[in-house]
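Participant: Here it is: the structure, laid out below.
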Amino acid sequence: MTAPLTTRYIEATVKSLPAHLQQDVRDELSGSIADAIESHIEQGAEPADAEKAVLLGLGDPSALAAGYADRPLHLIGPKYYLTWQRLLKILIFVIPLCAAGGTAIAKGLAGSSTIDVLLGAAGIALTTAVHVAFWVTVVFVILERTGADLGLAWDPEQLPDPEAPSGGRVELGFELGFLALGAGALLWDRFIGFFRPGNETVSILNPGLWPWVISALLVILAVQAALAIAVHVKGRWTLSLAVINTVIALAFAAIVLTLISRGELINPEFVDRALTPNNVNIDADGSSVLTTLLTLGIAAATAWEIFDSWRKALGHNSPNRR
(Lines give C-alpha, C1' and ligand atoms only; values in the text may rest on other atoms or scores of the structure.)
Protein backbone atom coordinates (compact mmCIF):
# COMPACT_ATOMS: atom_id res chain seq x y z
CA MET A 1 0.00 0.00 0.00
CA THR A 2 1.35 3.42 -0.99
CA ALA A 3 2.08 5.77 1.93
CA PRO A 4 0.34 9.16 2.04
CA LEU A 5 2.03 11.97 0.11
CA THR A 6 2.90 13.85 3.30
CA THR A 7 4.68 10.83 4.81
CA ARG A 8 6.60 10.18 1.60
CA TYR A 9 7.57 13.85 1.35
CA ILE A 10 8.83 14.03 4.94
CA GLU A 11 10.86 10.82 4.60
CA ALA A 12 12.39 12.02 1.30
CA THR A 13 13.41 15.23 3.07
CA VAL A 14 14.97 13.77 6.22
CA LYS A 15 16.75 10.77 4.71
CA SER A 16 19.77 12.83 3.60
CA LEU A 17 20.03 14.81 6.83
CA PRO A 18 22.44 14.01 9.66
CA ALA A 19 20.92 11.59 12.19
CA HIS A 20 20.75 14.17 14.97
CA LEU A 21 18.56 16.44 12.81
CA GLN A 22 16.16 13.92 11.36
CA GLN A 23 13.63 13.60 14.16
CA ASP A 24 13.44 17.35 14.82
CA VAL A 25 12.88 18.08 11.13
CA ARG A 26 10.35 15.27 10.86
CA ASP A 27 8.32 16.68 13.77
CA GLU A 28 8.57 20.25 12.47
CA LEU A 29 7.47 19.31 8.95
CA SER A 30 4.62 17.12 10.18
CA GLY A 31 3.16 19.97 12.22
CA SER A 32 3.67 22.71 9.61
CA ILE A 33 2.29 20.61 6.74
CA ALA A 34 -0.76 19.58 8.78
CA ASP A 35 -1.49 23.19 9.70
CA ALA A 36 -1.13 24.34 6.08
CA ILE A 37 -3.42 21.57 4.80
CA GLU A 38 -6.04 22.44 7.40
CA SER A 39 -5.87 26.08 6.34
CA HIS A 40 -6.47 25.15 2.68
CA ILE A 41 -9.42 22.91 3.65
CA GLU A 42 -10.98 25.74 5.64
CA GLN A 43 -10.82 27.82 2.47
CA GLY A 44 -12.87 25.20 0.61
CA ALA A 45 -10.23 22.95 -0.93
CA GLU A 46 -10.59 19.17 -1.05
CA PRO A 47 -8.20 17.33 1.38
CA ALA A 48 -6.26 15.65 -1.44
CA ASP A 49 -5.95 18.89 -3.41
CA ALA A 50 -4.97 20.79 -0.26
CA GLU A 51 -2.23 18.28 0.56
CA LYS A 52 -0.82 18.40 -2.96
CA ALA A 53 -0.88 22.22 -3.03
CA VAL A 54 1.01 22.46 0.28
CA LEU A 55 3.70 20.02 -0.85
CA LEU A 56 4.09 21.80 -4.17
CA GLY A 57 4.58 25.02 -2.24
CA LEU A 58 7.37 23.47 -0.18
CA GLY A 59 9.22 22.42 -3.33
CA ASP A 60 11.72 19.66 -3.99
CA PRO A 61 12.46 17.75 -0.76
CA SER A 62 16.17 17.62 -1.64
CA ALA A 63 16.31 21.41 -1.83
CA LEU A 64 14.42 21.68 1.46
CA ALA A 65 16.85 19.23 3.09
CA ALA A 66 19.81 21.28 1.83
CA GLY A 67 18.32 24.30 3.58
CA TYR A 68 17.97 22.45 6.88
CA ALA A 69 21.53 21.11 6.62
CA ASP A 70 22.94 24.44 5.46
CA ARG A 71 24.33 22.61 2.45
CA PRO A 72 25.03 24.67 -0.75
CA LEU A 73 23.20 23.77 -3.94
CA HIS A 74 25.73 25.38 -6.24
CA LEU A 75 29.06 24.20 -7.60
CA ILE A 76 31.04 27.29 -6.58
CA GLY A 77 29.33 29.93 -4.49
CA PRO A 78 29.93 33.68 -4.24
CA LYS A 79 32.55 33.20 -1.52
CA TYR A 80 35.07 31.71 -3.96
CA TYR A 81 33.61 32.46 -7.37
CA LEU A 82 35.64 35.61 -8.13
CA THR A 83 38.90 33.99 -6.94
CA TRP A 84 38.15 30.93 -9.10
CA GLN A 85 37.38 33.13 -12.10
CA ARG A 86 40.52 35.27 -11.78
CA LEU A 87 42.82 32.29 -11.27
CA LEU A 88 41.26 30.34 -14.13
CA LYS A 89 41.64 33.27 -16.54
CA ILE A 90 45.37 33.38 -15.84
CA LEU A 91 46.06 29.64 -15.85
CA ILE A 92 43.94 28.82 -18.90
CA PHE A 93 45.96 31.30 -20.94
CA VAL A 94 49.48 30.66 -19.63
CA ILE A 95 49.61 26.88 -19.15
CA PRO A 96 48.12 25.79 -22.52
CA LEU A 97 50.36 28.33 -24.28
CA CYS A 98 53.45 26.91 -22.57
CA ALA A 99 52.36 23.35 -23.34
CA ALA A 100 51.73 24.25 -26.98
CA GLY A 101 55.11 25.94 -27.25
CA GLY A 102 56.94 22.95 -25.79
CA THR A 103 55.10 20.55 -28.08
CA ALA A 104 55.81 22.67 -31.13
CA ILE A 105 59.53 22.88 -30.36
CA ALA A 106 59.71 19.11 -29.76
CA LYS A 107 57.94 18.37 -33.03
CA GLY A 108 60.11 20.87 -34.85
CA LEU A 109 63.27 19.18 -33.57
CA ALA A 110 61.82 15.83 -34.65
CA GLY A 111 61.53 17.15 -38.19
CA SER A 112 57.74 17.36 -38.38
CA SER A 113 56.13 19.53 -41.03
CA THR A 114 54.73 22.95 -40.15
CA ILE A 115 51.16 21.64 -40.43
CA ASP A 116 51.96 18.78 -38.03
CA VAL A 117 53.57 21.25 -35.63
CA LEU A 118 50.53 23.53 -35.68
CA LEU A 119 48.02 20.69 -35.32
CA GLY A 120 50.01 19.08 -32.52
CA ALA A 121 50.40 22.37 -30.67
CA ALA A 122 46.70 23.19 -31.06
CA GLY A 123 45.67 19.73 -29.87
CA ILE A 124 47.83 19.81 -26.76
CA ALA A 125 46.71 23.38 -26.00
CA LEU A 126 43.05 22.34 -26.16
CA THR A 127 43.62 19.24 -24.03
CA THR A 128 45.61 21.20 -21.47
CA ALA A 129 42.95 23.93 -21.29
CA VAL A 130 40.27 21.32 -20.56
CA HIS A 131 42.38 19.77 -17.79
CA VAL A 132 43.19 23.16 -16.28
CA ALA A 133 39.53 24.18 -16.23
CA PHE A 134 38.46 20.83 -14.76
CA TRP A 135 41.04 20.50 -12.00
CA VAL A 136 40.93 24.15 -10.91
CA THR A 137 37.16 23.83 -10.63
CA VAL A 138 37.46 20.58 -8.67
CA VAL A 139 39.79 22.23 -6.16
CA PHE A 140 37.38 25.09 -5.59
CA VAL A 141 34.42 22.73 -5.30
CA ILE A 142 36.27 20.92 -2.51
CA LEU A 143 37.06 24.23 -0.82
CA GLU A 144 33.38 25.21 -1.09
CA ARG A 145 32.12 21.94 0.35
CA THR A 146 34.63 21.79 3.21
CA GLY A 147 34.17 25.44 4.17
CA ALA A 148 37.91 26.12 4.01
CA ASP A 149 39.01 29.70 4.58
CA LEU A 150 41.62 30.96 2.11
CA GLY A 151 42.02 34.25 3.95
CA LEU A 152 41.35 36.17 0.74
CA ALA A 153 39.44 39.17 2.03
CA TRP A 154 38.92 42.10 -0.31
CA ASP A 155 40.68 45.31 0.64
CA PRO A 156 40.27 48.82 -0.83
CA GLU A 157 44.04 48.92 -1.37
CA GLN A 158 43.50 46.37 -4.13
CA LEU A 159 41.60 48.89 -6.25
CA PRO A 160 43.40 49.53 -9.56
CA ASP A 161 44.39 52.98 -10.69
CA PRO A 162 42.01 54.51 -13.26
CA GLU A 163 43.12 53.87 -16.80
CA ALA A 164 44.07 56.93 -18.76
CA PRO A 165 41.94 57.67 -21.83
CA SER A 166 43.40 56.08 -24.92
CA GLY A 167 42.68 55.57 -28.56
CA GLY A 168 43.51 59.19 -29.41
CA ARG A 169 45.48 60.67 -32.24
CA VAL A 170 48.83 59.60 -30.83
CA GLU A 171 47.85 55.93 -30.77
CA LEU A 172 46.29 56.15 -34.21
CA GLY A 173 49.37 57.89 -35.58
CA PHE A 174 51.64 55.26 -34.06
CA GLU A 175 49.63 52.39 -35.57
CA LEU A 176 49.36 53.98 -39.00
CA GLY A 177 53.08 54.71 -38.90
CA PHE A 178 53.83 51.08 -38.01
CA LEU A 179 51.65 49.80 -40.86
CA ALA A 180 53.25 52.27 -43.29
CA LEU A 181 56.67 51.07 -42.15
CA GLY A 182 55.63 47.48 -42.88
CA ALA A 183 54.37 48.37 -46.35
CA GLY A 184 57.50 50.39 -47.04
CA ALA A 185 59.70 47.48 -45.95
CA LEU A 186 57.96 45.16 -48.42
CA LEU A 187 58.43 47.58 -51.30
CA TRP A 188 61.99 48.53 -50.31
CA ASP A 189 63.01 44.86 -50.15
CA ARG A 190 61.52 44.25 -53.59
CA PHE A 191 62.82 47.27 -55.51
CA ILE A 192 65.85 48.59 -53.60
CA GLY A 193 66.88 45.77 -51.28
CA PHE A 194 68.16 45.67 -47.74
CA PHE A 195 71.02 43.40 -48.86
CA ARG A 196 73.14 44.80 -51.69
CA PRO A 197 76.32 42.83 -52.36
CA GLY A 198 78.35 44.89 -54.78
CA ASN A 199 75.97 46.59 -57.19
CA GLU A 200 73.42 43.83 -57.06
CA THR A 201 70.09 43.79 -55.26
CA VAL A 202 69.22 40.59 -53.41
CA SER A 203 65.84 40.66 -51.75
CA ILE A 204 65.27 38.94 -48.43
CA LEU A 205 61.82 37.72 -49.41
CA ASN A 206 61.42 35.27 -52.26
CA PRO A 207 61.23 37.24 -55.55
CA GLY A 208 58.56 34.79 -56.72
CA LEU A 209 56.14 36.39 -54.27
CA TRP A 210 55.94 39.45 -56.51
CA PRO A 211 53.47 40.69 -57.59
CA TRP A 212 50.51 38.68 -56.30
CA VAL A 213 51.52 37.67 -52.77
CA ILE A 214 53.25 40.96 -51.96
CA SER A 215 50.24 42.84 -53.33
CA ALA A 216 47.92 40.76 -51.14
CA LEU A 217 50.01 41.62 -48.08
CA LEU A 218 49.92 45.32 -49.02
CA VAL A 219 46.13 45.14 -49.34
CA ILE A 220 45.90 43.53 -45.90
CA LEU A 221 48.04 46.33 -44.42
CA ALA A 222 45.82 48.93 -46.12
CA VAL A 223 42.65 47.30 -44.73
CA GLN A 224 44.28 47.18 -41.30
CA ALA A 225 44.97 50.92 -41.54
CA ALA A 226 41.36 51.58 -42.53
CA LEU A 227 40.22 49.47 -39.58
CA ALA A 228 42.41 51.49 -37.19
CA ILE A 229 40.82 54.69 -38.49
CA ALA A 230 37.33 53.18 -38.10
CA VAL A 231 38.05 52.22 -34.48
CA HIS A 232 39.33 55.75 -33.83
CA VAL A 233 36.23 57.33 -35.39
CA LYS A 234 33.84 55.00 -33.50
CA GLY A 235 35.70 55.66 -30.28
CA ARG A 236 35.62 51.97 -29.35
CA TRP A 237 35.68 48.44 -30.72
CA THR A 238 32.40 47.01 -31.97
CA LEU A 239 31.47 43.42 -32.78
CA SER A 240 31.50 44.11 -36.53
CA LEU A 241 34.98 45.66 -36.31
CA ALA A 242 36.19 42.70 -34.28
CA VAL A 243 34.90 40.34 -36.98
CA ILE A 244 36.75 42.31 -39.67
CA ASN A 245 39.91 42.30 -37.56
CA THR A 246 39.63 38.53 -37.11
CA VAL A 247 39.31 37.97 -40.86
CA ILE A 248 42.29 40.24 -41.57
CA ALA A 249 44.49 38.57 -38.94
CA LEU A 250 43.61 35.07 -40.13
CA ALA A 251 44.22 36.02 -43.77
CA PHE A 252 47.68 37.40 -42.95
CA ALA A 253 48.58 34.36 -40.83
CA ALA A 254 47.30 31.93 -43.48
CA ILE A 255 49.42 33.52 -46.21
CA VAL A 256 52.63 33.75 -44.19
CA LEU A 257 52.34 30.34 -42.51
CA THR A 258 51.61 28.67 -45.84
CA LEU A 259 54.74 30.22 -47.32
CA ILE A 260 56.78 29.13 -44.32
CA SER A 261 55.48 25.55 -44.52
CA ARG A 262 56.43 25.39 -48.20
CA GLY A 263 59.82 27.01 -47.66
CA GLU A 264 58.86 29.82 -50.04
CA LEU A 265 59.02 32.87 -47.78
CA ILE A 266 62.76 33.61 -47.74
CA ASN A 267 64.86 34.06 -50.85
CA PRO A 268 67.29 31.08 -51.11
CA GLU A 269 69.85 33.33 -52.80
CA PHE A 270 69.81 35.65 -49.80
CA VAL A 271 70.53 32.71 -47.48
CA ASP A 272 73.40 31.52 -49.68
CA ARG A 273 75.02 34.90 -50.23
CA ALA A 274 74.43 36.49 -46.83
CA LEU A 275 75.08 33.60 -44.45
CA THR A 276 77.48 31.20 -46.13
CA PRO A 277 80.28 33.74 -46.79
CA ASN A 278 80.17 34.69 -43.12
CA ASN A 279 80.59 31.04 -42.05
CA VAL A 280 77.06 30.94 -40.71
CA ASN A 281 75.80 27.46 -41.48
CA ILE A 282 72.35 26.34 -40.46
CA ASP A 283 71.83 22.58 -40.53
CA ALA A 284 68.46 20.86 -40.92
CA ASP A 285 67.79 20.79 -37.18
CA GLY A 286 68.62 24.47 -36.78
CA SER A 287 66.45 25.39 -39.74
CA SER A 288 63.60 23.35 -38.28
CA VAL A 289 63.89 25.11 -34.93
CA LEU A 290 63.96 28.55 -36.55
CA THR A 291 60.92 27.66 -38.64
CA THR A 292 59.08 26.41 -35.57
CA LEU A 293 59.88 29.53 -33.55
CA LEU A 294 58.83 31.81 -36.41
CA THR A 295 55.59 29.85 -36.81
CA LEU A 296 54.86 30.04 -33.10
CA GLY A 297 55.57 33.76 -33.04
CA ILE A 298 53.18 34.47 -35.91
CA ALA A 299 50.49 32.17 -34.46
CA ALA A 300 50.80 33.76 -31.00
CA ALA A 301 50.68 37.31 -32.40
CA THR A 302 47.62 36.45 -34.49
CA ALA A 303 45.86 34.83 -31.54
CA TRP A 304 46.54 37.86 -29.35
CA GLU A 305 45.37 40.31 -32.02
CA ILE A 306 42.07 38.45 -32.37
CA PHE A 307 41.60 37.94 -28.61
CA ASP A 308 42.36 41.57 -27.79
CA SER A 309 39.87 42.95 -30.32
CA TRP A 310 37.08 40.65 -29.10
CA ARG A 311 37.87 41.40 -25.47
CA LYS A 312 37.47 45.11 -26.12
CA ALA A 313 34.39 44.67 -28.31
CA LEU A 314 32.62 42.49 -25.75
CA GLY A 315 33.58 44.93 -23.02
CA HIS A 316 31.33 47.52 -24.72
CA ASN A 317 32.81 50.50 -22.88
CA SER A 318 36.43 49.43 -23.11
CA PRO A 319 38.83 52.07 -24.44
CA ASN A 320 39.79 51.53 -28.07
CA ARG A 321 43.42 50.71 -27.50
CA ARG A 322 45.23 48.33 -29.76
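The values are calculated or read from the model by the stated rules, or taken from the named source; none is laboratory data. Not measured: the values here are computed from a predicted model. Areas reflect the complete protein model, heavy atoms only, side chains present, ligands, DNA and RNA absent. Shrake-Rupley method; radii C 1.70, N 1.55, O 1.52, S 1.80 Å.
Participant: For Leu205, enumerate residues with amide H under 5 Å from its amide H, sequence gap 5+ or separate chain, H modeled in the peptide plane.
Facilitator: Asn267
Participant: Leaving ligands, DNA and RNA out of it, work out the accessible area of Lys234 with a 1.4 Å probe and give it in Å² to the nearest 10.
Facilitator: 140 Å²
Participant: Let me ask something else. Order the following by accessible area, largest value first: Trp135, Trp237, Trp188. Probe radius 1.4 Å; ligands, DNA and RNA are ignored.
Facilitator: Trp135, Trp188, Trp237
Participant: Additional query: Which order do Glu51, Glu269, Glu38 take by accessible area at a 1.4 Å probe, largest first?
Facilitator: The ranking, largest first, comes out as Glu38, Glu269, Glu51.
Participant: Considering only protein heavy atoms, what per residue accessible area in square angstrom results for the range 1-140 with a 1.4 angstrom probe?
Facilitator: Heavy-atom SASA per residue in the range 1-140 reads 62 Å².
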